[in-house]
Amino acid sequence: MLQNDLLLRALRGEELSRPPVWMMRQAGRYLPEFIALRDKYDFFTRCQTPELATEITLQPLRRFPLDAAILFSDILVVPQAMGMNFEMKPGVGPWLENTIRTEADVKNIFIPDVEETLGYVFDAIKLTKKELDGKVPLIGFAGSPWTILCYAVEGKGSKTFDIAKGFCFENPVAAHKLLQKITDTTIAYLLKKIESGCDVIQLFDSWGGLLSPKDYDKFSWPYIEQIVNALANKVPVTVFAKGCWFALEKMSQSKASALGVDWTVSPQIARYLTKNSITLQGNFDPARLLSPPETIQKMVKEMIDKFGTTKYIANLGHGILPNVPVENAQAFVEAVVNYK
Ligand code: CP3
């Protein structure tokens, strides 16, 4: 049993006097204790060593009164398990030497045995759950198939992912084969994450907003929906599709329990598009955490006033930035916890 089940109650749509709060990328480079471990171990070593992943997951919870933990890991561990040898290059970010650019490349990508290839994630979940000792729920996550395809084809981060888009538009048959392989792997992976102890699942479609609404319906949403349908009778699923306000109405009619929204959409419009029928999560501009703490507190109160305390999870509109002062992150979390 959980001592703090505010997040689960918000996901069920129960009436609450204040929303639960957590921050995307809450275990990150703005924390000195995170930097200390980053300087000692490379990125995927931290992901692959359960003791390190657990320690990093717990770091923000020791500082702030957060209502959820999110497992320290990365969306790229899934394509790694499928035979794509992603590295995390300092100063560059995700890097794949042998990019996926042809039908033959897609053929070489396999659907792995997730227990064999990603066992370290399930071990990290079990260890984290033990350490959390029922204090707060644990969120597990995966990237959306479209967002994973973006990195697989492009081979690195991009503002536009135009090589990935070009691949889909020139070679839709191969693209759909790749998206389906990623979907099948992700479903097996997330089912095992749930079995290992994750209480909630979040899907990150970080690059969905680069697609037109029509292409979103072709290359992203159908695969997200397959994943949601496979999990929804086990745990609540949150879909965070950045930049996808145009898809909010359709997504709100799916089996997802919540939708993440970024800061480019107002609470009123997000509620209007989703007909107030689903829990929303977000949407504080991460750069607004660079404002003075008093301004942050005022803006958080306004945000909750607009979303309401029910069917709402307070969060940022995307991951926390590395240059945010720890006191400002603290002001954000405390402003939610002390909301009246
Ligand atoms: O939210 C959390 O605290 C959980 C941890 C988490 C990480 N990555 C750790 C991480 C989560 C949820 C992710 C998801 C992720 N990874 C996404 C989707 C969410 C989003 O931000 O849009 C994406 C697109 C990735 C791929 C990825 N991994 C990128 C683009 C980067 C940044 C590269 C850089 O140098 O800026 C990473 C690295 C990464 N993943 C870091 C962290 C804390 C920072 C690098 C480090 O610690 O060395």
Go through the stretch 27-41 residue by residue and tally those that are near the ligand (Cβ under 10 Å from one of its atoms) and surrounded by 14 or more Cβ atoms within 10 Å (Cβ to Cβ). 9
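Of these, Gly140, Gly134, which one is open to solvent by 10 Å² or more (accessible area, probe 1.4 Å) and outside any helix (DSSP H, G or I)?
Details: Gly140 fails: open to solvent by 10 Å² or more (accessible area, probe 1.4 Å).
That would be Gly134, the only listed residue that is open to solvent by 10 Å² or more (accessible area, probe 1.4 Å) and outside any helix (DSSP H, G or I).
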Are any of the residues in the stretch 4-15 in contact with a Gly (Cβ under 9 Å, 6 or more places away or on another chain) and of a type in the set (D, E, K, R)? no
Residues (open to solvent by 70 Å² or more (accessible area, probe 1.4 Å) and within 23 Å of Asn85 (Cβ to Cβ)) located in the stretch 155-173: Lys156
If we ask which residues in the stretch 320-334 are surrounded by 15 or more Cβ atoms within 10 Å (Cβ to Cβ) and either within 14 Å of the ligand (Cβ to nearest atom) or under 23 Å from Ile269 (Cβ atoms) (or both), their number turns out to be 6
Show the residue pairs meeting these rules: Cβ distance below 6 Å; 6+ apart or different chains; first residue within the stretch 163-185 and closer than 15 Å to Lys107 by Cβ; second residue charged (D, E, K, R) and part of a helix (DSSP H, G or I). Ala174/Glu103
Of the residues in the stretch 82-141 that are out of contact with any helix residue (DSSP H, G or I) (no Cβ under 8 Å at 6 or more places or on another chain) and under 14 Å from Thr185 (Cβ atoms), the one that is nearest to the ligand (Cβ to nearest atom) is Gly83
Just to check your reading of the model, which residue among Lys135, Lys89, Lys126 is under 22 Å from the mean Cα position of the chain (by Cα) and under 27 Å from Lys159 (Cβ atoms)? Lys89
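The values are calculated or read from the model by the stated rules, or taken from the named source; none is laboratory data. Predicted model only: the values in this text are computed from it and were never measured. Note: ideal-geometry Cβ built from the backbone for every residue, glycine included; neighbour counts use all protein chains shown. The area values use the complete protein model at the heavy-atom level, side chains included, leaving out ligands, DNA and RNA. Shrake-Rupley method; radii C 1.70, N 1.55, O 1.52, S 1.80 Å.
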